[in-house]
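The values are calculated or read from the model by the stated rules, or taken from the named source; none is laboratory data. What you see is a predicted model, and the numbers here were worked out from it, not measured in a lab. As a convention, Cβ positions derive from the backbone with ideal geometry for all residues, glycine included, and neighbour counts pool all protein chains shown.
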């Protein structure tokens, strides 16, 4: 019973992660429209998360030390995850945002392929169909608009997808053996060190209160989402957690419709319904372990 409760609490954490990260997109757009840029957003995000999670670790007296066998994987997750964020940022500057998002969200399929290849999951037709169906729904949801293609942009988006897949696969191994707070602190601290040279090259901040309100809300949501992500990985197989994150772009689209008055055409609406339906169906199946 305890294991089952832990499993379903992991799914709740994964859904919170998807909703939190998805909501950041609309807030980030408000921040950008008021004069901020992605580098400014990343700087505040990493500084705030390092300070907040560091303080929480101190208050809980968990200790910052990590066992020697976990240090290298933890550093690798921090470096690769942060590098993936930089690659994704570069990608969407040179190709269409919808195309960049679609390529990035091949990472649940990569995690599924790895999990099956490493025999962590049985190659059951049901889960495979759900993964493929969710990706097809994302394709429909992101359809429309102008298509800007650049070889370097495609490469950076693919690298970002691989980085996300690595984060879920390696994170699912490390997270159950560490305090999620300690893990989240070190990953964000590593990311801060990595991206600081890029950030200091050209950060921009908004010139209106609305822009700063959006920045504060986006940062708070990031804190909740990133903590929830590693709580989920401590409880779920990597493939299950990655699959539930398919909801993130759907949440972004729906909130853009509500907050930014953006419209969804019938094809996009159908895609949103397909993804949500796939996620709801997946909640009825516990991942089949080998």
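Evaluate region 219-237: report whether one residue or more is crowded, with 16+ Cβ neighbours inside 10 Å and in contact with a strand residue (DSSP E or B) (Cβ under 9 Å, 6 or more places away or on another chain).
Yes: one or more hits.
Consider region 138-170. How many of its residues are within 15 Å of residue 102 (Cβ to Cβ), in a helix (DSSP H, G or I) and modelled with pLDDT under 85?
Matching residues across region 138-170 total 2.
Suppose we filter 41, 72, 21 for residues that are out of contact with any helix residue (DSSP H, G or I) (no Cβ under 8 Å at 6 or more places or on another chain) and modelled with pLDDT of 80 or more; which single one remains?
Exactly one residue qualifies, and that residue is 72.
Please work out if residue 163 is within 23 Å of residue 79 (Cβ to Cβ) and crowded, with 19+ Cβ neighbours inside 10 Å.
The answer is yes for residue 163.
Given the criteria modelled with pLDDT under 85, over 30 Å from residue 120 (Cβ atoms), surrounded by 14 or more Cβ atoms within 10 Å (Cβ to Cβ) and touching a helix residue (DSSP H, G or I) at 6+ places or on another chain (Cβ under 9 Å), does residue 256 qualify?
So residue 256 passes the test.
State the number of residues belonging to region 111-134 that are assigned to a helix (DSSP H, G or I) and buried (at least 19 other Cβ atoms within 10 Å of the Cβ).
The qualifying residues number 7.
List the number of the failed condition for residue 278; all other conditions in (1) assigned to a loop (DSSP other than H, G, I, E, B); (2) over 18 Å from the mean Cα position of the chain (by Cα) hold.
Among (1) assigned to a loop (DSSP other than H, G, I, E, B); (2) over 18 Å from the mean Cα position of the chain (by Cα), the lone unmet condition for residue 278 is (1).
Give me a count of the residues in region 259-290 that are closer than 26 Å to residue 233 by Cα and either at pLDDT below 80 or buried (at least 16 other Cβ atoms within 10 Å of the Cβ) (or both).
The number of residues fulfilling the criteria is 15.
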